[in-house]
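What follows is a single structure, written as structure tokens, with notes after it.
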Amino acid sequence: QVQLVESGGGLVQPGGSLRLSCAASGSIFSINAMGWYRQVPGKQRELVATITGGGRISYGDSVKGRFTISRDNAKNTVYLQMNSLKPEDTAVYYCNVDVMVVGLYEYNYWGQGTQVTVSS
């Protein structure tokens with residue numbers, strides 16, 4: 001019913017910047033929240049940033065002050081601006097959306113993931 005398309009990952013040097021995008025499409029009635037999570041092999045997936053339908057924003061402690069989450073409601077798209085990147089930010093970044101679909105059922109969806117590598 002809902003599909004997520006992620007883009008913007010790649011290779012960047014320490015101190016550089018990247019911008020991730022995630023567009024949601026399908027039988028969406030409304031979006032409750034959108035966010036970004038990341039995962040390194042052998043470790044649990046961790047919260048990066050979220051934004052609710054009311055505009056409330058939260059960040060993981062490790063990215064606070066360096067990353068910024070934003071949303072374009074008209075395009076059902078969420079963005080993650082990543083500045084001052086560090087090698088420890090290297091991970092697969094996953095988009096997540098919590099939606100009310102047509103028919104008023106609540107569901108949670110994950111994107112396919114995009115690789116971010118920070119290295120010199």
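The values are calculated or read from the model by the stated rules, or taken from the named source; none is laboratory data. Since the structure is predicted, the reported quantities are computational estimates derived from the model, not experimental observations. Every residue, glycine among them, receives a Cβ derived from its backbone with ideal geometry; neighbour counts consider all protein chains shown. These accessible areas exclude ligands, DNA and RNA; they are computed on the full protein's heavy atoms, side chains included. Shrake-Rupley method; radii C 1.70, N 1.55, O 1.52, S 1.80 Å.
Numbers at a glance
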read-out: Answer residue from segment 1-17, given it is under 14 Å from residue 78 (Cα atoms) and part of a strand (DSSP E or B) and is most open to solvent (accessible area, probe 1.4 Å) among those; value: 3
read-out: Filtered residues of segment 51-60 (kept if open to solvent by 80 Å² or more (accessible area, probe 1.4 Å) and of a type in the set (A, V, I, L, M)); value: 57
read-out: Only listed residue being in a strand (DSSP E or B) and buried (at least 16 other Cβ atoms within 10 Å of the Cβ), chosen from 63, 48; value: 48
read-out: Any chance residue 93 is open to solvent by 70 Å² or more (accessible area, probe 1.4 Å) and in a strand (DSSP E or B); value: no
read-out: Qualifying residue in segment 32-42 (condition: under 17 Å from the mean Cα position of the chain (by Cα), basic (Lys, Arg) and open to solvent by 60 Å² or more (accessible area, probe 1.4 Å)); value: no
read-out: Count of residues meeting criterion [touching a residue at least 40 places away in the same chain (Cβ under 8 Å), within 18 Å of residue 33 (Cα to Cα) and open to solvent by 80 Å² or more (accessible area, probe 1.4 Å)] in segment 74-90; value: 1
read-out: Whichever residue in segment 96-105 is more than 16 Å from residue 6 (Cα to Cα) and in a strand (DSSP E or B) and, among such residues, is farthest from the chain's Cα centre (by Cα); value: 105
read-out: All positions within segment 64-87 that are aliphatic (A, V, I, L, M) and either out of contact with any strand residue (DSSP E or B) (no Cβ under 7 Å at 6 or more places or on another chain) or at pLDDT below 95 (or both); value: 74
read-out: Lone unmet requirement of (1) surrounded by 12 or more Cβ atoms within 10 Å (Cβ to Cβ); (2) without any contact (Cβ under 8 Å) to a residue 40 or more places away in the chain; (3) not small (Gly, Ala, Ser) for residue 114; value: (2)
read-out: Filter result for residue 65 (free of Cβ contacts under 8 Å to residues at least 60 places away in the same chain and not β-branched (Val, Ile, Thr)); value: yes
read-out: The one condition in (1) touching a residue at least 40 places away in the same chain (Cβ under 8 Å); (2) open to solvent by less than 30 Å² (accessible area, probe 1.4 Å); (3) of a type outside the set (S, T, N, Q) that residue 23 fails to fulfil; value: (2)
